[in-house]
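Notes follow once the structure below has been shown.
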Amino acid sequence: MKEILRWELRSPLNLALISAGAVLIGTVMKRYYLTWSAGSRGGPYGVEILGSIFREAFTGDVYLLLAILVPFIITLAVRLERDEGVALSVYSLPLSRVEVLLAKFLAALLALFLFVFAVHLLVFALHFSATPDAVAGVLVTHAVPVAWFYLMVLLFMVSLAALVAVLSPNAYVSIFGGFVALYLPLFLGTTWYGPVPWRNVLVNYRPAAISIRSDPVFSWGFLKLTLLPALVFLVLYLLIGNWRDVR
C-alpha cells in the first residue's frame, strides 16, 4: 500500500495539476485579502481581527476551483487506468483492490490538503508580513482549526468525487459528474448539503471569545455535514470499486 501512495504522490501530472490549482486558489485568496485591506484601510491589526480574516479566505470562488480540481485529480487516480485497461500503478504488487483504491484515495486527499493549506498559510503570512507578531499570533491560535476545516472539507469533496468516479462509465463523465455533484449545492444555495450549511455553522464564530476546543469546526453540527457523509461516500466507493475490475 505504501508503494501505491508513493506512486500516486510522485505522479508528475497530478503534481502539476494540484500545483496549478493551488496557485489559482492562492490568487483568489490574495484578492480577498486585498479587498479586505482596501476596505479597512490597512493598519496593524491584532489576533482578534486577523483571526477572522484568516478563516474567511475560503470563499465561494475557492470552493468552485476545488470543485473543478478535485474531480480531475481523483479521475486520474481512480478512473483513467480502468478506461485505458492497464493498471500501471499496481503492476506486480500483491495488493487487494480495496487497498489499491484506499491508497489512491489517501494520496489524492493528502496531496490536495498539503498544497491548498500550505498556499493559504503562505498567502496570509505574506500579505500581512508588515505585522509579523500579529501573523504569528493568528497562526498559533487558528492554524489547527483551519487545518481541520480544510481536512474535513477536502475529505468530503474527495470522497464524493471518488464515488462518482467508480460509478461513471468513463473519465469524461467522471470529471463532469464530479463537478456537478460538488458545485450544484452551492449554485442552488442548498441549505442541508454542501458549502452553504458549512458556512452557516461557522458564521457566528468569535475568535476572541472561545477556546480552540469549543471552535465550531470541531462541533457535531459541522462534522455531520462533512465527516459523516464523507465516511458514507468512502465506504460506498470502496465497496463499488471492489466489485469492478480494472478492465
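The values are calculated or read from the model by the stated rules, or taken from the named source; none is laboratory data. Bear in mind the structure is a predicted one, so any value in this text is a computation, not a measurement. Counting neighbours? That spans all protein chains shown, and the Cβs are built from the backbone with ideal geometry, glycine included. Accessible surface areas use protein heavy atoms only, side chains included; no ligands, DNA or RNA. Shrake-Rupley method; radii C 1.70, N 1.55, O 1.52, S 1.80 Å.
General remarks:
- Neighbours by Cβ (under 7 Å, 6+ apart or cross-chain): first from the range 18-40, without any contact (Cβ under 8 Å) to a residue 24 or more places away in the chain and within 13 Å of residue 56 (Cβ to Cβ); second part of a helix (DSSP H, G or I) and open to solvent by less than 80 Å² (accessible area, probe 1.4 Å): 36/53
- Among the conditions (1) closer than 30 Å to residue 102 by Cβ; (2) open to solvent by less than 30 Å² (accessible area, probe 1.4 Å); (3) modelled with pLDDT of 90 or more, the only one that residue 68 does not satisfy is (2).
- Restricting the range 80-116 to residues that are aromatic (Phe, Trp, Tyr) and open to solvent by 60 Å² or more (accessible area, probe 1.4 Å), the residue that is modelled with the highest pLDDT: 115
- Of all residue pairs spaced 6 or more apart or on separate chains, those with beta-carbon atoms under 7 Å, a first member in the range 217-234 that is assigned to a helix (DSSP H, G or I) and a second member that is open to solvent by 30 Å² or more (accessible area, probe 1.4 Å) and of a type outside the set (A, V, I, L, M) are 217/148; 218/148.
Yes/no matrix, rows are residues, columns are (1) more than 24 Å from residue 216 (Cβ to Cβ); (2) modelled with pLDDT of 95 or more; (3) open to solvent by 50 Å² or more (accessible area, probe 1.4 Å):
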position: 140; (1), (2), (3): no, no, yes
position: 145; (1), (2), (3): no, no, no
position: 151; (1), (2), (3): no, yes, yes
position: 159; (1), (2), (3): no, yes, no
position: 173; (1), (2), (3): yes, no, yes
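- Qualifying residue in the range 117-132 (condition: modelled with pLDDT of 85 or more, small (Gly, Ala, Ser), surrounded by fewer than 15 Cβ atoms within 10 Å (Cβ to Cβ) and over 16 Å from the mean Cα position of the chain (by Cα)): yes
- In summary, residue 191 fulfils each of the numbered conditions (1) out of contact with any Gly (no Cβ under 7 Å at 6 or more places or on another chain); (2) of a type in the set (Val, Ile, Thr); (3) open to solvent by less than 70 Å² (accessible area, probe 1.4 Å) with the single exception of condition (3).
- Subset of the range 11-42 that is at pLDDT below 80 and open to solvent by 50 Å² or more (accessible area, probe 1.4 Å) - its residue that is farthest from the chain's Cα centre (by Cα): 41
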